[in-house]
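One structure below.
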Amino acid sequence: MSDPDLRLLAQRVRGGDRAAYRILVDRTAQPLFRLAARLLGNEADAEDALQEAYVKAYRALEGGRFDGRSEVRTWLYRIVTNAALDALRRRAVRPAGDDGPLAGLPDDGHASPDARIALRELDAWLGELPPDQRVAMVLCGVEGLSNAEAADVLGVSAGAVEQRLVRARATLRQKRGADDEA
């Protein structure tokens, strides 16, 4: 769906059209869920973050707080990214003895075994990064956003995104080198 269509749906929601919001969600849920899952490393946390993000987006649209300065897609990416970052921060203060975000995750049948393994591997690699670097890597390296688009999502300059990517790559190279030596 092109962004003008998303913009029209957002305008309809602002006017009180709840059916338009359902359409907006249906048309954006797959890429936004993929983003949340890649940032958080598991489906359950991704579903929670996505639900939280959609509630915030609906309230903002309904309350007229989406000003339309950014693309609807970019705005939704920003909301999901912020919800995922909040979840990562909460995860950082979890009690001792918690084995991590994938511990005890039930196999709910939504993903193939290969997809679940790939998600675990991706989470392990990205889990080595601070949240700001992790988000930059996922947005640019995995989701394929340009540095400028990622900057818009994150509310920073394109140079700041590039700096985060450089640091993330260096961290991953250093970690890989340490693993190779072990």
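Note on R90/E128: beta-carbon distance plugged into 1/(1 + (r/R0)^6) with R0 of 30 Å gives a FRET efficiency of 0.95. Counting only protein heavy atoms and a probe of 1.4 Å, the accessible surface of the range 122-178 is 52% carbon and sulfur. Charge tally around A36: other residues with Cβ under 10 Å, Lys/Arg +1 each, Asp/Glu -1 each, net -3.
Taking the protein heavy atoms of the range 1-93 in the context of the full set of protein chains, the accessible area attributed to carbon and sulfur is 48 percent at 1.4 Å. Could you tally the net charge around V153, taking each other residue with its Cβ under 11 Å from the Cβ of V153, Lys/Arg +1 and Asp/Glu -1? Every neighbour counted, the sum reads -2. When each of the peptides 134-140, 39-45 is scored by the mean number of other C-beta atoms lying within 10 Å of its residues, the order from highest to lowest reads 134-140, 39-45. Here the spin labels are modelled as points 7 Å beyond Cα on the Cα-Cβ line, and at D67 and V142 they lie 3.1 nm apart.
Counted by Cβ distance under 11 Å from L85, the other residues give a net charge of +3, where Lys and Arg count +1 and Asp and Glu count -1. Solvent exposure of the range 1-96, expressed per residue, is 53 Å² of accessible area, with all protein chains present and a 1.4 angstrom probe.
The values are calculated or read from the model by the stated rules, or taken from the named source; none is laboratory data. Just so you know, these numbers come straight off a predicted model, no measurement behind them. When we count neighbours, we look across all protein chains shown, and the Cβ atoms used for this are built from the backbone with ideal geometry, even at glycine. These area figures cover heavy atoms from the full protein model, side chains too; ligands, DNA and RNA do not enter into them. Shrake-Rupley method; radii C 1.70, N 1.55, O 1.52, S 1.80 Å.
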